[in-house]
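Here the structure is laid out as structure tokens; the discussion comes afterwards.
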Amino acid sequence: MMRPLRRGSALILVLIMTLALAGLAMSAVYMTSSSGLLSRFHDKDRDLAFAVETALELGKSRLQRDNTLVLYDTGFKQLLTSQPVYTSGGALLTGVTVNLYAGNTGDTSGVYVPYVTLLATVSDASGLRLARRMDLYQRSFSSYSLFADDFPSSASIGAGENLPGRVHTNNRFIAASAGSPYPVFNDTVSSAGTISGFGQWADTVSATGGARAIPYPTAAELQPGFQTRAGSASLSLSLPGGSAGTRATSGAVDVSGAATATAMPGSRLEFLTIDVNSNGVADSTEGFFKVFHLYPSSYFMGSGYYWVGGGDTTRLSVNFTGTPISLNSQVMLNQCGAFYLIPKSGGGYQREFFPVVMHKVSWVRSRIQTSAYPSIGGGEASTMAALDRTAIRHIAQLPTARCFPQGSPYLVNTERFTINSGCAQDWFTIPATRYTWGSSSACASAGRQYGGQDTTFTQYSFTCPVDQSDAAGRCTGDTVYMGYWDTYSGGNNLPGTLPASVRQNVERQHLFPLHRTYNPGSRGVVYVNGRIFLSGTVRGRATVYVNGVATLQDDVRYDSDPADTTNLCRNNFGLIAKDSIMVSDNVINRPRVYDTPSTTAGYTLTLGGNREFGFEGTVMALGGSFNTFNPNVATATNPVYTCPEGSSFTAAGGCLHVTGGTVMKTYASPYTATANSGLRPLRELDPCQLQNRRPPYFPLARTVVRPVKAFDVDARQVKTTALLTAYFTRLRGVKAAP
């Protein structure tokens, strides 16, 4: 049987095989092309990622090493412009350029430490391709336990001292040269120069030195910003001018307090907390301050009459000298005294303060004999009324004894005077005899015979030598005008009437509110144009900038213990001075000799309410040091003051207790090698220093920064200058145009 012919089948098979092989070839070509495209895409993506990471690292390096780099509070700064990128081998990354921008972001209130944000963009021939952002931590000067731009070669940290936090100096650092135990350093100590001396170091870094210098800010850089911020809230203080004036006398007695032939003007700022809403709690909104101005010359009071003035900063700062002190010292007689716990008519007790000279007055002698603490008998009251050396010593040794600066409400008896016809101040008449507050016969029937309390506010301060020849409480001459409490002129949202149980309503207009609730324009910044004395209790967050010397005349403390971590960062205070910040060598902070021999126990005392000076917050002296006046003076008590208490280290004024940070242009020790001299530093770290917080607008340190986060950014959001500006604005929490 013959098979049928299959014509063309071979051709078809050949065609099928050819097409199949062609398809395989085309697939191979396509796959090879796709693989090449994918490989080139990843190569390009890797190049772009490498370029953007390189730009960010270059930015980090510049932030850490460029001392001249300053970032703006608003907007941004361009650090790289169309910068070519090179590989690690030095080859140019063809067709790729980077731009790098930097700015401060994250905080607009000034109370947090802002981030530094680096934004890098990468472009090639097709345009902007990739953007990446990196946020880095900054450091505020307020986070340092000790910072000194200049650490003199003659200075050192003394034996037994303790530095609980971060330390940095810009030229050298010298620990103890002798003594035991060596000072303890609980955190890293860095210095742009050498580190020498003996210490108990926290880590090996602290012994190496050679760190990068951190630029120290100047007054010219900081002053305009603080003045502007304070001015928007009427917290920019222009102190009364004037030069030295004539020393005032009254009844042939010098009442000026001046240690020289002339009297000098001055002002003081006192912080206070007032329970405005009377809820029994010191809310964050209830921090205030008051300002008292001293006038050393005559002052026009109206009706064609000039009050004779002549007060000196010696009385303002509460100071007197002498070995022993003069029994005629008007500071001692009128501004020092003791508290007594007096029964109230409706039940309970109230603390009343009576100056030394008031112990002569008959109604005061009767009143203090009702005191629950300290308990005073008739014979003891008579002893104190003599106003001799024994009397002064007896009053000064009471457990409630202390002194107050001029203008204090506790000095109502010797700074507010009445006439005999009525128990009220009379500004314009000139009676032959004036009486101390509560001492005229009219005051007894009016129920106004009481001692000074925190509510007995008096706007105008007067003084006179009280007649010690009888017990009527009369002045021996005309009263002398000494100064006044300033009036707050800004927007004030305080209630129209202060709770009577808290403060006299007359004090309302003299309260400078720190919080925006009662002062809408406040940013927590106070500016003082000139030398100022400071003291008081701080509530809330505030920074005071002093365009001059700042003198701490008494403790500056928070309304609660900063070590209480349940109230972490409840308060945060910063004090910045154009020049130095000094602790006053006055009777509040340092001992004075009240009787001789001075070596007898109790004859040399400090009348400050405690045996140490206390400061809570961060100080920054832009042109000088944080120090104490007369650090070499060694007036010793018996027993001598020690710091820490119970240790072998002695000092005239005990401890200079700082909870917070000390930042200064030039380091200086508050004591010398002289035994019992000055005050010894006792430093503690405020836990708030370890947080991302700072006192309002406290300066930032241009130092090593640490990255906190990094992520890609949609390149379309930053492709133009306008979009870049809007992007950085949004990072500060401020709405910006798209």
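Bear in mind these aren't lab numbers, they're just calculated from the coordinates by the rules spelled out. This is a predicted model, so every value here is computed, not measured. Heads up, the Cβs are rebuilt from the backbone with ideal geometry, glycines too, and the neighbour counts pull from every protein chain shown.
I need Tyr667, Tyr518 ordered by Cβ neighbour count within 10 Å, fewest first.
Tyr518, Tyr667
Extending each Cα 7 Å along its Cβ direction at Asn610 and Arg389, get the distance between those two points in nm, one decimal.
Going from the Asn610 label point to the Arg389 one covers 3.3 nm.
Taking Cα atoms, how many degrees apart are the long axis of helix 9-65 and the longest axis of the chain, rounded to 10 and kept between 0 and 90?
Result, in degrees: 20.
Using the per-residue mean of other Cβ atoms lying within 10 Å as a proxy for protection, in what order, highest first, do the peptides 394-400, 128-134 fall?
The densest-packed peptide leads the list: 128-134, 394-400.
So for the chain, taking the charge dipole from beta-carbon charges (+1 Lys/Arg, -1 Asp/Glu), which of Leu15, Ala261, Gly490 sits furthest toward the positive end?
Of the candidates, Leu15 comes out farthest on the positive side.
When Glu616, Glu270 are ordered from fewest to most other Cβ atoms inside 10 Å of their Cβ, what list results?
Listing Glu616, Glu270 from fewest to most nearby Cβ atoms yields Glu270, Glu616.
Cut-off under 20 Å on the C-alpha distance; same-chain residues fewer than 8 positions from Lys578 excluded. Which lysines are left, in chain and number order?
Cα-Cα hits under 20 Å: Lys665.
Show me, for the stretch 247-256, the HN-Hα J-couplings you get by feeding each phi into the Karplus relation (A = 6.51, B = -1.76, C = 1.60, θ = phi - 60°), rounded to Hz, glycine and proline as x.
For the stretch 247-256, the Karplus curve yields 5, 8, 10, 9, x, 6, 10, 6, 10, 5 Hz.
How many angstrom lie between the Cα centre of the stretch 199-248 and the Cα centre of the stretch 81-111?
The distance from the Cα centre of the stretch 199-248 to that of the stretch 81-111 comes to 34 Å.
In the neighborhood of Gln689, defined by Cβ-to-Cβ distances under 14 Å, what is the net charge if each Lys or Arg adds +1 and each Asp or Glu adds -1?
Neighbour charge sum, excluding Gln689 itself: +3.
Residues with beta-carbon under 14 Å from that of Gly473, excluding Gly473: net charge, scoring Lys, Arg +1 and Asp, Glu -1?
Every neighbour counted, the sum reads +4.
I'd like to compare 479-489, 441-451: which one has the highest average count of other Cβ atoms within 10 Å, and what's the full order after that?
Going by the mean number of other Cβ atoms within 10 Å, highest first, we get 479-489, 441-451.
Loop only per DSSP, at most 12 neighbouring Cβ atoms within 10 Å: give me the trypsin sites (Lys or Arg not before Pro) in the stretch 654-738, ordered by residue number.
Those satisfying the criteria are Lys735.
Toward the positive end of the charge dipole of the stretch 649-738, about the Cα centre and with charges on Cβ (Lys, Arg +1; Asp, Glu -1), which of Ala675, Leu656, Val718 goes farthest?
So the residue we want is Val718.
Restricting to Cα pairs below 8 Å that are 6+ residues apart, what does the relative contact order work out to for the chain? Please round to a whole percent.
Once normalised by length, the contact order is 15 percent.
Only Lys, Arg, Asp and Glu count, each charged at its Cβ (+1, +1, -1, -1), so figure out the dipole size of the chain about its Cα centre, rounded to 20 debye.
Result for the chain is approximately 2440 debye, rounded to the nearest 20.
Given the Cα atoms of the chain, and with Rh set as the inverse mean 1/r over their pairs in the Kirkwood sense, what is Rg to Rh to two decimals?
That ratio is 1.19, to two decimals.
Nearest 10 degrees, 0 to 90: what angle lies between the long axis of helix 219-231 and the longest principal axis of the chain (Cα atoms)?
Tilt of helix 219-231: around 70 degrees.
When ranked by the protection proxy of mean other Cβ atoms within 10 Å per residue, highest first, what sequence do the peptides 322-334, 161-173 form?
161-173, 322-334
Restricting to DSSP H runs of at least four residues, report the calculated mean residue ellipticity at 222 nm for the chain, -39500 (n - 2.57) per run over all residues, nearest 500 deg cm²/dmol.
One gets -5500 deg cm²/dmol as the mean residue ellipticity at 222 nm.
Between 0 and 90 degrees, rounded to the nearest ten: what's the tilt of helix 721-731 against the longest Cα principal axis of the chain?
Between helix and principal axis, roughly 50 degrees.
Taking neighbour Cβ counts within 10 Å as the exposure measure, how do Lys77, Lys578, Lys344 sort from fewest upward?
Going from sparsest to densest Cβ surroundings: Lys344, Lys77, Lys578.
Can you list the lysines whose alpha carbon is less than 29 Å from that of Lys719, not counting same-chain residues fewer than 8 positions off?
Within the straight-line limit of under 29 Å, Lys719 reaches these lysines: Lys44, Lys60, Lys77, Lys709, Lys735.
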